[in-house]
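One structure is given below, encoded as structure tokens.
The values are calculated or read from the model by the stated rules, or taken from the named source; none is laboratory data. Just so we're clear, the structure is a prediction, and the values are computed from it rather than from any experiment. Quick reminder, even Gly has a Cβ in these numbers, built from the backbone with ideal geometry, and neighbours come from all protein chains shown. All accessible areas refer to the heavy atoms of the entire protein, side chains included, with ligands and DNA or RNA removed. Shrake-Rupley method; radii C 1.70, N 1.55, O 1.52, S 1.80 Å.
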Amino acid sequence: MSTKHTLSVLVENTPGILARIAALFSRRGFNLDSVSEGTTQDPGISRLTIVVDAEVCPKEQVVKQIGKLVNVLKVVDFEPGSAITTEIALLKVRADNRTRSQIVEIVQLFRARIVDVVPESVTIEATGTTDRLAALLNMLRPYGIKELVQSGTVAIGRGARSALDSTAQDPTALHGIGPGPWRATA
């Protein structure tokens, strides 16, 4: 059973909020497995997706501490199976005339795509869960991975409701006390 927990944190889009949240983890000696941040459909609000190891870090304490930070609007703790998660990876793999077709077959098998080709390598863009990307990397590793960049996890709750809907319509939903298909905590 996975001990990884995915948190979605809605914050005011102000400078320094990512640093304050990262500092909170640093002060407590907790390691972040993954952090990704981007604006939402409301340019005044950003969403951070944070993946933490619940065995190492007391999740309830972290969620409450994040919820207390200034500029944090809502913290959603996704229960397993309640969110769709994905990552993106860009990787450069050594390729020549002998191996290129084998690499293309692997790329097609994983529904990834080749975004650049030169005589010595191919650059591949792949999306999916952490496990899926790890499986792709394992298949391509024997050919020689020259370079790899991988994003952190991004997650969105399943179902029709939006985390932003509750913050816009119900002010009590700020700081994660509103109802939802996921468990929101502060």
In terms of modelled amide H atoms, which long-range or inter-chain residues lie less than 5 Å from the amide H of Leu73?
Leu10, Val11, Glu12
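Heavy-atom accessible area per residue, region 1-59, 1.4 Å probe: how many Å²?
I get 51 Å² per residue for this part.
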With θ set to phi - 60° and the Karplus curve 6.51 cos²θ - 1.76 cosθ + 1.60, what are the ³J(HN,Hα) couplings of region 126-136 in order, to the nearest whole Hz, using x for Gly and Pro?
9, 10, x, 6, 4, 5, 5, 5, 5, 5, 4
Cross-link reach from Lys146 to aspartates and glutamates, straight Cα distance under 12 Å and at least 8 residues apart if same chain, gives Glu120
Rounded to 10°, Cα long-axis angle of helix 17-27 versus longest principal axis of the chain:
90 degrees
At 7 Å along Cα-to-Cβ for each site, give me the label-to-label distance between Ile84 and Ser36 in nm.
1.3 nm
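Quickly estimate the mean residue ellipticity at 222 nm for the chain, helices only: each DSSP H run with n ≥ 4 gives -39500 (n - 2.57), and the total goes over all residues, rounded to 500.
Rounded to the nearest 500, it is -7500 deg cm²/dmol.
Would you please name the GluC sites (Glu not before Pro) within region 66-140 that are DSSP coil residues with at most 15 other C-beta atoms within 10 Å of their C-beta?
Those that pass, being in a loop and sparsely packed, are Glu120.
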For region 73-86, take each phi angle, set θ = phi - 60°, evaluate the Karplus expression 6.51 cos²θ - 1.76 cosθ + 1.60, and give the result in whole Hz per residue in order, putting x for glycine and proline.
8, 7, 10, 10, 9, 6, 5, x, x, 8, 9, 9, 10, 7
Kindly write out, for region 99-106 in residue order, the coupling ³J(HN,Hα) from the Karplus curve 6.51 cos²θ - 1.76 cosθ + 1.60 (θ = phi - 60°), rounded to whole Hz, with x marking Gly and Pro.
9, 4, 5, 5, 5, 4, 4, 5
With a 1.4 Å probe and all protein chains left in place, how much of the accessible area of region 1-119 comes from carbon and sulfur atoms, in whole percent?
53 percent
